[in-house]
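**Student:** Sharing a structure here in structure tokens format.
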Amino acid sequence: LIMCNMVHARPGGVVWDPFCGTGSILVSAAHFGAMTFGTDIDIRVIKFGKKDKKTGAQVDVWSNFDDYGLPKPIGLLRMDLHKHSFTSKKHVEGFLQGVVGDPPYGVRAGGRKSGGRKRLADGTVPPVPEKFKSDHIPSTVPYPFSECMDDLMDNAARLLAVGGRLAFFMPCAADAEDAKTAGADETPSHPMLALVARSDQMLSTRWGRRLVTFKKVKPYDQTEAEEARALLNAARKKNGGVEDLLQRMREVVYHGERAAEKKKREEAKAAKTRARGAVVKDPRGPREDLDLPGGRDATTRDDAEDVEETNASLFASSDAVAARHKAHSASGEKMEPAKRAPFRGKCT
């Protein structure tokens with residue numbers, strides 16, 4: 001509702017969602033009386049929808065509109081934003097009053113665009129056989145968020161009427177140092193669009209998403225738009241862009257914050273174990289064939305210290321052993337089993 005309110009969705013206007021999915025944003029636009037139009041690259045979502053996790057029922061755009069008793073969309077298309085179906089002729093400009101969407105910039109999995117099909121010797125793509133067309137799912141390749149954002153803004157600038165609005169989400173950071181990694185994309189720009197609002201929603205203490213709202217201020221000029229995009233790409237190479245921010249999020253969230261949380265939980269568990277006077281065993285476990293004080297079931301603090309020292313000396317040598325294994329693998333030689341040193345680490 002907030003996103004559709006930001007684009008001033010109203011009766012008589014057409015609102016387009018390029019990533020409509022099962023139509024949650026379209027429902028909100030229809031709530032304000034706007035005519036809705038949705039596209040999505042995944043034909044399966046358009047045709048079959050998704051299964052409701054609570055009820056197990058199949059839901060799609062049409063069933064969602066029926067549930068709310070709202071006028072149904074004027075059209076749903078399987079369409080790739082990067083290779084869209086809109087004509088390049090001038091008469092399409094102005095048929096939209098608003099564009100609103102939530103682009104796929106996920107930290108785990110990003111967006112997809114059409115591509116990846118094998119080409120023939122002459123460089124052309126073979127047509128899909130007639131018998132497979134009814135259930136054919138086009139192949140896709142990764143769609144960088146920076147490219148997706150550029151395509152979204154350029155299509156909005158070309159299709160919106162002057163005064164029409166665009167609103168979409170993009171990733172953001174709370175920390176100033178993290179935010180700097182967005183470089184040229186910290187505040188998106190387009191020569192035909194003027195930024196009117198940006199609202200941050202923090203999803204954690206460090207990361208969040210930003211709702212940016214633009215207003216079309218002048219008619220579309222393709223030459224000016226292409227020049228601005230070339231300058232923006234050059235600025236990204238020099239100062240970084242939103243892809244750098246997303247990479248930083250991936251590194252911190254999946255290799256930093258979560259690893260730190262796991263280590264903190266393990267330390268707390270180890271502290272409770274020590275408080276009971278028991279041994280905190282290395283998760284990899286000591287060697288069975290080592291003569292450890294008290295064996296593997298040692299329970300005194302002194303024995304526990306001896307076990308930890310033995311384990312430390314054992315695993316300190318694992319890097320050297322790994323290097324020997326890698327050297328032999330590279331040379332193609334096989335080490336005789338009798339001469340192999342005990343190895344309990346992992347070759348990386």
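The values are calculated or read from the model by the stated rules, or taken from the named source; none is laboratory data. Being a predicted model, the structure only gives us computed values, none of them experimental. Neighbour counts are summed over all protein chains in view; Cβ atoms, including those assigned to glycine, are modelled from backbone coordinates with ideal geometry. When the accessible area is computed, the model is the full protein with side chains, heavy atoms only, and any ligands, DNA or RNA have been set aside. Shrake-Rupley method; radii C 1.70, N 1.55, O 1.52, S 1.80 Å.
**Student:** How high is the FRET efficiency between LYS237 and ALA179 when r is their beta carbon distance and R₀ equals 25 Å, given to the nearest 0.05?
**Tutor:** Approximately 0.85, to the nearest 0.05.
**Student:** Tell me, how many Å apart are the Cα centres for the range 71-114 and for the range 162-205?
**Tutor:** Each part reduced to its Cα centre gives a spacing of 20 Å.
**Student:** Can you compute the modelled spin-label distance between VAL141 and THR55, with each label point 7 Å from Cα toward Cβ, in nm?
**Tutor:** It works out to 4.1 nm between the two label points.
**Student:** Please give the length that would be gained between ASP221 and LYS47 if that part of the chain were fully extended, namely 0.36 nm times their separation in residues minus their C-alpha to C-alpha distance (nm, one decimal).
**Tutor:** 59.1 nm
**Student:** What distance in nm separates the two pseudo spin-label positions at GLN247 and MET202, each 7 Å out from Cα along the beta-carbon direction?
**Tutor:** Rounded to a tenth, the inter-label distance reads 2.7 nm.
**Student:** At 0.36 nm per residue, and after removing the present C-alpha to C-alpha distance, how many nm does the segment from SER189 to ALA271 gain when stretched out fully?
**Tutor:** 24.3 nm
**Student:** Another question, if that's okay. Measuring with a 1.4 Å probe in the full set of protein chains, what accessible area per residue, in whole Å², belongs to the range 90-195?
**Tutor:** Using a 1.4 Å probe on heavy atoms only, each residue of the range 90-195 averages 47 Å².
**Student:** Right, another one. Please report, in debye to the nearest 20, how large the charge dipole of the range 99-193 is about its Cα centre when each Lys and Arg carries +1 at its beta carbon and each Asp and Glu carries -1 there.
**Tutor:** My answer is approximately 600 debye.
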